Amino acid sequence: MRGILTLLGYFTIVILVGILYLLLSNTLKAFVNIPFSSFFNFHWNPSAHGEASYGILQLLWSSVLVTVVAMVIAIPLGIGVAVFLSEVAPEKLRSIIKPIVEILAGVPSVTIGFIGIVLIGPFIAETFGLSNGFNALNGAVLLAFMSLPTIVSVSEDALRSVPKSFREASYALGANKWLTILKVILPAAGSGIIAACILGFGRAIGETMTVLMVTGNATAMPDSLFDPVRTLTATIAIELGEVPFDTPHYYALFVLGLLLFIISLLINFLSEWVASKFRYKI
Amino acid sequence: MSIANKKITQFLGIQSLVLCTVIVLAFIFMVLFDIFWKGVGVLSWDFIFNIPRKGMTEGGIYPALAGTVMVTIITAVFSIPVGVASAIYLNEYAKENMLTKALRASIRNLAGVPSIIYGLFGVALFVEALMLGSSVVSSGLTLGLMTLPYIITSTEEALRNVPHSHREGALALGATKWETIKSVVLPSAIPGITTGSILGLSRAAGETAPILFTGVTFYLRFPPDTLNSEFMALPYHLYILSTQHHAIEQVRPIAYGTALVLLILIILLNVIAFIIRKRYTKELVK
């Protein structure tokens, strides 16, 4: 029995290595036909009739743009909610609000995308006088709310793990609640909160369906948030279904996959490093 | 700072926290309310148990609902045994060494891998290499891989909550390690494992990206009859109805109905998990 359990126990390493192996081997196949340098330009058009181009920079920029704007919205909101739940709300209110925020984590990404199409898109179009609401801003707003549950729950855990004695000491020195939050609790929970924001960033940059449904998916460089963008994830989702197997284009999509995979690993390591490195250094 | 100033900043500060919470809650209620309000009119037994008709502008969503249920069952059959076994190994047998550390790190990293990457992996492994083709079993296994880290993490937590004295008691009575796990540790961890599994599966049921290229298709008249058939799924159906359909405005009510059924399914699973967790923690207190 022990042998079987051990074997299954190590299965996850096999999967992780398997994913890495597969992405790497297919990426190498892409490099056989496409020179390495041609990935470093701004034009992604692998199915062009003449010269196909494989520049990933515009896709990467789109992903980063949408995600960063999402974080600009989600980080203050998320930390605000987390501080409210952990420091201000009475236990009864907290036990009601927390499950509601967790519902948001459970709502499927297509459903959020659908809301982007029927509610957020028209609202953005009307507010800013655009012909439609399929743009980077719409994607960013939705991603902000999708990454909120991660930011809220991880930050709240960090806030609640600040010892009670810290608060008491601060009150004893004559600080009021707000000063205690600002000067004592937030700095003490800082590493956990930063880790939460990094995880939220990772959640947002890897999201596929929502951005695919609402960002318009044009492969041109966006000038502003009101332009349509096409992210790395959306590009894989759009093209993998149409591309013939064993072509340079097919393998080029795995290059995008590898890039995303590396980003997600880096984000994981970074958040763990931040959370462990700076614990209770005040 | 004067006392009056302190009071004003404290008031403004706390109110801004309240404002953040209100904005987030407002968004959540807006999403739920809009889908319930506009979807509930379409909902009927006919909608749930009939096939789509007239280019999906009429009729129901039965094949999509049945497809989602089937693919989720396959996900469960694969990911729960493997995940639970893996967690038992980690919590009961594994020694704290480099290899175990690597194993834990790989579980945490797998949980952060974007779902579209699982889709890519599923295409290359199940559809191409293992020649399972574009099918409900390929999709189920792909979703299973995605759900695995989630089930391992929650099972391990459930196992960790079983007090050490229980294990020691059983061992002192002469039970072997495996007998102890089987008849003492697992039974008291079952509620925690069930809760975690249900939550993991509810996430899988709502996913689209991993099934996009591994087996889902936009129109079928029947639910899949074999493991090798392609299938319809609720999330993908919603995606098609809201972005790919030739008469998007005309099918909007059906899209709302589909979104509502999917949402009810997910919330139902979450509520069941919530109730099990509540009952379990109450028992522990006793």
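The values are calculated or read from the model by the stated rules, or taken from the named source; none is laboratory data. The model shown is predicted, which means the values in this text are computed figures rather than measured ones. Every residue, glycine as well, gets a Cβ built from its backbone with ideal geometry; the counts of neighbours run over all protein chains shown.
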Exactly one condition in (1) farther than 18 Å from B:ALA273 by Cβ; (2) surrounded by fewer than 21 Cβ atoms within 10 Å (Cβ to Cβ); (3) of a type in the set (A, V, I, L, M); (4) modelled with pLDDT of 90 or more is false for B:ALA129; which is it?
(4)
Right, A:ILE100: closer than 30 Å to A:ARG160 by Cα, at the interface with another protein chain (Cβ under 8 Å from one of its Cβ atoms), surrounded by fewer than 19 Cβ atoms within 10 Å (Cβ to Cβ) and among the aliphatic types (A, V, I, L, M) or not?
yes
Mind telling me which of the residues B:GLY13, B:GLY39, B:GLY67 ends up being more than 27 Å from the chain's Cα centre (by Cα) and not charged (D, E, K, R)?
B:GLY13
Matching entry among B:ALA205, B:ALA124, B:ALA158, B:ALA189 (being more than 21 Å from B:LEU265 (Cβ to Cβ), assigned to a helix (DSSP H, G or I) and facing chain A (nearest Cβ under 9 Å))
B:ALA124
Of the candidates B:GLY144, B:GLY119, B:GLY133, B:GLY169, the one satisfying the condition of being out of contact with any strand residue (DSSP E or B) (no Cβ under 7 Å at 6 or more places or on another chain) and outside any helix (DSSP H, G or I) is B:GLY133
Would you say A:GLY133 is surrounded by fewer than 18 Cβ atoms within 10 Å (Cβ to Cβ) and out of contact with any Lys or Arg (no Cβ under 7 Å at 6 or more places or on another chain)?
no
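For (1) under 20 Å from B:ILE28 (Cα atoms); (2) surrounded by 24 or more Cβ atoms within 10 Å (Cβ to Cβ), each residue gets a yes or a no:
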| site | (1), (2) |
| --- | --- |
| A:THR127 | no, no |
| A:PHE145 | yes, yes |
| A:THR150 | yes, no |
| A:SER153 | yes, no |
| A:LEU159 | no, no |
| A:LYS164 | no, no |
| A:ALA169 | no, no |
| A:ALA175 | no, no |
| A:TRP178 | no, no |
Mind checking which residues of the stretch B:186-197 are of a type in the set (Val, Ile, Thr) and surrounded by 21 or more Cβ atoms within 10 Å (Cβ to Cβ)?
B:ILE193, B:THR195
Search the stretch A:76-89 for residues that are over 11 Å from B:ILE14 (Cβ atoms) and pair each with any residue that is part of a helix (DSSP H, G or I) and small (Gly, Ala, Ser) when their beta-carbon atoms are under 6 Å apart and the residues are at least 6 apart or on different chains.
A:ILE79/A:SER155; A:ALA82/A:SER155
All-but-one check, A:ALA252 against (1) buried (at least 19 other Cβ atoms within 10 Å of the Cβ); (2) under 18 Å from B:GLY122 (Cβ atoms), failing number (2)
Looking only at the stretch B:238-281, which residues are under 18 Å from A:PRO108 (Cβ atoms) and hydroxyl-bearing (Ser, Thr, Tyr)?
B:TYR239, B:SER242, B:THR243, B:TYR256, B:THR258
Do we find that B:VAL84 is of a type outside the set (Ser, Thr, Tyr) and within 17 Å of B:LYS182 (Cβ to Cβ) in this structure?
yes
Can you confirm whether the stretch A:166-173 contains a residue that is acidic (Asp, Glu) and either assigned to a loop (DSSP other than H, G, I, E, B) or within 14 Å of chain B (Cβ to nearest Cβ) (or both)?
no
Is one or more of the residues making up the stretch B:53-68 among the polar types (S, T, N, Q), at pLDDT below 90, over 30 Å from B:SER183 (Cβ atoms) and in the same structural domain as B:VAL184 (by TED's automatic domain parsing)?
yes
Against the definition (crowded, with 21+ Cβ neighbours inside 10 Å, under 24 Å from A:LEU199 (Cα atoms), in contact (Cβ under 8 Å) with a residue 40 or more places away in the chain and within 7 Å of another protein chain (Cβ to nearest Cβ)), how does B:SER115 come out, yes or no?
yes
Only one residue in B:LEU212, B:LEU241 is in a helix (DSSP H, G or I), in the same structural domain as B:TYR62 (by TED's automatic domain parsing), crowded, with 22+ Cβ neighbours inside 10 Å and touching a residue at least 40 places away in the same chain (Cβ under 8 Å). Which one?
B:LEU241
Output the residues belonging to the stretch B:241-280 that are within 10 Å of chain A (Cβ to nearest Cβ) and aromatic (Phe, Trp, Tyr).
B:TYR256, B:PHE274
Of all residues in the stretch B:244-275, which are among the β-branched types (Val, Ile, Thr), under 21 Å from B:VAL69 (Cα atoms) and crowded, with 18+ Cβ neighbours inside 10 Å?
B:ILE254, B:THR258, B:VAL261, B:ILE266
If B:LEU19 satisfies every condition in (1) crowded, with 20+ Cβ neighbours inside 10 Å; (2) modelled with pLDDT of 90 or more but one, which is the exception?
(1)
Kindly indicate the residue of the stretch B:208-240 that is over 23 Å from B:TYR150 (Cα atoms) and among the aromatic types (Phe, Trp, Tyr) and also farthest from the other protein chains (Cβ to nearest Cβ) among those meeting that condition.
B:PHE222
Selection status of A:ILE181, at pLDDT 90 or above, more than 18 Å from B:PHE11 (Cα to Cα), of a type outside the set (S, T, N, Q) and assigned to a helix (DSSP H, G or I)
no
Please name all residue pairs, on different chains or six or more residues apart, with Cβ atoms under 6 Å, provided the first residue is in the stretch B:179-197 and is not assigned by TED's automatic domain parsing to the domain that holds B:GLY144 and the second residue is modelled with pLDDT under 90.
none
Assess whether A:VAL229 counts as being over 15 Å from the mean Cα position of the chain (by Cα), touching a residue at least 40 places away in the same chain (Cβ under 8 Å), facing chain B (nearest Cβ under 10 Å) and within 17 Å of A:ALA140 (Cα to Cα).
no
